[in-house]
Amino acid sequence: MNLKNRETTKSVLAKKFSNLGDSYYTAKRFDSAYYYYNKSKEIFETEKDSTYSAYTLIQLARIQLTFGDYSNSEETLTEALPYMHDNLQYQVAANNLFGIAAKELKNYGDAVFYYNKILKTASDSLLRVTPLNNIANVYIEQKKYKDAIILLDPLLKSNLLDTLPYKKAIITDNLGFAYYKYGSIKKGEELMNQALAIRTSINDSYGSIESYLHLADYYQNKDYQKSKENALHAYDEATKHQSIDERLEALGFLMSHNQEKGVNAYAKLYVNLDDSIKKVRNNAKNQFAKIRYDSRKAILESIKYKGQRAEILLQLETQKSQKYLFFFGFVALLGGIGFIVNYYKSKTKRERLEANYTTETRISKELHDELANDVFYAMTFAGTQDLQNPIKKETLLDHLDKIYVRTRNFSKENSPVETGEHFEQNLKQMLHSYKSSSTEVIIKNGNAIDWSKVQTEKKIAIQRVLQELMVNMKKHSQASFVIIGFDLEQNTLRIDYSDNGVGFSQQLILKNGLQNAENRIETLKGILTFDSETNKGFKAKILVPK
């Protein structure tokens, strides 16, 4: 009952932090918003609240985008993906932010890919307007003006936007700019002026910035005075809305007109403003990184404290009942060996026999050769040594602690696989459990996989193989970065594993038990391939027919 109350209290506190983040975000106090969103996220993750975890991570990524921290924004969004499940609203928001980050990083193909993912889920014609416009903007940056026109022209000709002047002005302005760049000068000018007129009539002063910038570009080599007037209008509106990037773009046009003496003043203003925004954004990136670092450090220290406390309690309990522990532990161990061996011998004799037999042999060897020997040694030591001697007692307790840790790890690695509706969540939680202060684990999702339609034996094999890869990474690879990608290609499940560790030779791959993983996949009529060179990382690709 007390635990439940504490959990409820923690959830209430996390929601309070999230609401504070919303308030600061609305007030554009982004540093404070980031701090409280991050505190909220850490609690929601421990409470396993997927909905709020996804929301706070999306907000963190949105703030990172605001300050030009595009790469870290992509990492934050990737961290949010496992929490989204079937939440369409969060998926759309994440894909939109992925698209913005990719566009700003000049990864235009990725940007179009993410906007197209939104289109696949948008059945309503009106909901398709924004992603189509975003794709057109990418095409304009790539100078694919004809492709942009093909997307935008049907939107303007339809009656979709007749009651939405704000959106109609955006489409009209971008279409006009695309026509102008494509060579249809007159049509482009007409549409851009129409868009400005709409924005003026509805007092859309922020939207008018883009209209003035497009017209400044249009008149740049045709009418110096009109280009300058539009650039000045854009600069004034951008200043009013504190829009730094648009102010810099407007100053760029003003600097290009060197007919007047004032050009040097514009250049100086441009340099000062550019230096200022770079400094602000760099400071923000550093501050965000420090917030995340401090938060993770606090969590690790908490885990360390709990571990030390558990260790002390274990030692006290061991001193109280060590004779019983020796006897019953050894009997239980032998019984466990007999049970596991018997279980695997009586298990199905289908095509998985070879893989299961290999697993059985490995488990039996670990139990008998390692744990049994350790327990026997501990019993012998206890029976022959003076345990009143502090040094002898400490030696015994240290050995018992090692037996405990090894038994706990063994149990964790060989626990049953939950193959029901929570399979995907449990699988990704298992993978994330290998994340530590020295190793980052990132999960990337491609096309959605309906795990409910995947056979039980395939889900078990996939989880065991991924667990084998993660255990090998933890024990041998010394990797600081691990990426696992899930995708569905036609009727084939594809899972890509890669790390930046020391790699393995073919001989070590066999020695480290990965041959067993390969056997598991082959029995499913699948393929498991390894790609590794010493000191050049390790990659594995799993293909399993759905």
| query | Using the per-residue mean of other Cβ atoms lying within 10 Å as a proxy for protection, in what order, highest first, do the peptides 51-64, 452-465, 29-42 fall? | reply | 51-64, 29-42, 452-465
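Below 8 Å between Cα atoms, with a sequence gap of 6+, how large is the relative contact order for the range 1-145 in percent?
Over the range 1-145, the number comes to 14 percent.
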| If you project the alpha carbons of the range 448-488 onto their three principal axes, what span does each projection cover, largest first, in Å? | 36, 20, 9
| For Asp147, what is the net charge nearby, where nearby means another residue's Cβ is under 13 Å from its Cβ and Lys, Arg count +1, Asp, Glu -1? | +2
| In whole Å, how far is the Cα centre of the range 141-179 from that of the range 462-499? | 44
| Is the range 101-186 rounded, prolate or oblate when judged by the Cα gyration tensor, a ≥ b ≥ c being the square roots of its eigenvalues, rounded requiring a/c under 1.5 and prolate requiring a/b larger than b/c? | oblate
| said: Report, in listed order, any pair from Lys15/Lys117; Lys186/Lys222; Lys143/Lys181; Lys41/Lys453 with a Cα-Cα distance greater than 20 Å. | reply: Lys15/Lys117; Lys41/Lys453
| field | Kirkwood hydrodynamic radius (C-alpha pairs) into Stokes-Einstein, the range 50-164, 4 °C and 1.567 mPa s, D in µm²/s | value | 87
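Values quoted throughout were computed directly from the atomic coordinates according to the rules given, and no laboratory measurement underlies them. Predicted model, so just to flag it, every value in this text is computed and none were measured. Quick reminder, even Gly has a Cβ in these numbers, built from the backbone with ideal geometry, and neighbours come from all protein chains shown.
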